[in-house]
Structure formats: C-alpha cells, structure tokens
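What follows draws every value from the coordinates through simple rules; no lab data is involved. The structure displayed is predicted, hence computed values, not measured ones. All Cβ positions, glycine included, derive from the backbone under ideal geometry; neighbour counts span all protein chains shown.
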Amino acid sequence: MPRKTEYVPFGYEPPTPATKGTLIFYDPFEQVQELVERAVQTKQKRAFSKLVLYPLHEETMKRMFKVQVSPFYKREQELREWLDERGASFVVVESFEAKRKKYTPIDTALRHLVEKYGSPHFVLMTPEIANAFASYSSFEEWIVRLRLILVSEPKHPHPRLDKFRHRWEVLETDSES
C-alpha cells in the first residue's frame, strides 16, 4: 500500500479539539422540558462533544424506586419530538433499554455507555438516582471512572456519596451564571 506524504510548515502543531467528553443524562424523563433544557445548556457551556439522553425503562424504575412511570415508548417518543422541535441534532437518545425491554442494572447501562461513547464521562442525574446509585456495592468502582453532576443538592446524601464528594458537583442554575 503506497504512503501518502503530507507537507506541513515547520513548527506546525495540530489544533487541539475544542470539545471533549460525553455528558450522559441518566433519568426516566417523565418531565422532559426543564431538565433537558438545562442539560443542553450545560453541554454547550462546558463544551462536551456529545449529550446522551438515557431514558430508563419502567421496569428499572419499578425496581429502583418502587414507582410507576408511563411506558418507555411514550416517554422516548415525547423526548424525540421535543428534541426535533428544538433542532437539537447534537443530542443522542440512547435506546439500549428499549432493546432489552426489562430491568437494566445501572452497572450494565454504564458499561454500555462507557464502551460506546468517548471519555471523559460525566453522568447527570437527580439526587434520588445518585443516592440509589451510591447504595450499590459497585459505586466505588464506578465513581473513580466517571464524574457525577447532580441536578440539585441532595438533602440527605448517602454516606458513600458523601465520601466521594470531590467526584461530583451540583449543576449550576441560570441565576448563578
């Protein structure tokens, strides 16, 4: 196979990419507008290369929180319609749980997302989901591989979440900007 020779001026440095990492929003997306809008603003403000929305299956919500949510396909459809209205082509709606059609442990979901999307990984979640995540035995193994961004300050953080306070932050509101 012949080589292609490229000529560059002396001292040429390739440009560094302006965007980096992936922001993963792990949520049931029962109320779409406000939280997704804040996630899109965070993606643009912090220059993430990709925003991945990961809607949770109703079986996952039932197991994690013992609450009923609307069917997965309805929430996913609302999410896609809302994104189409906004013209947010840089946002990816991950349909991994739609393929599984059952309870998906957070470990399995994170493993899939980390393998599929570029690093570094930032996971945006509500304080309730973060507390549930911190209660799992694999939390300490995951928290060193990714960073958490919480939608709001947790009222009663799980002891493991408190222990790793340096690995998570609270999402800024518009008034702080």
Starting from the 7 Å offset along Cα-to-Cβ, what nm value, one decimal, do you get for the label separation of A88 and R147? 2.1
Based on DSSP H runs of at least 4 residues, each adding -39500 (n - 2.57), what is the mean residue ellipticity at 222 nm of the chain after dividing by all its residues, to the nearest 500 deg cm²/dmol? -11000 deg cm²/dmol
Across the chain, what fraction of all alpha-carbon pairs, as a whole percent, falls in each successive 10 Å bin from zero upward? 8, 34, 35, 12, 6, 4, 0
Quickly rank 125-132, 81-88 as a protection proxy: mean count of other C-beta atoms within 10 Å, highest first. 125-132, 81-88
For the range 22-171, size of Cβ-based charge dipole, Lys and Arg +1, Asp and Glu -1, in debye: 380
Normalised by the number of residues in the chain, what is the relative contact order in percent for Cα pairs under 8 Å and 6+ residues apart? 21
I'd like the distance separating the alpha-carbon centroids of the range 133-167 and the range 39-118, in whole Å. 19
Selection from L110, A88, S152, by position along the positive dipole direction of the range 55-153 (Cβ): L110
Straight distance only, please: which lysines reach the Cα of K20 with their own Cα at less than 19 Å, same-chain residues fewer than 8 apart left out? K43, K45, K50, K116
What is the helix-to-structure angle for 33-45, meaning the angle in degrees between its Cα long axis and the longest Cα principal axis of the chain, kept from 0 to 90 and rounded to the nearest 10? 30
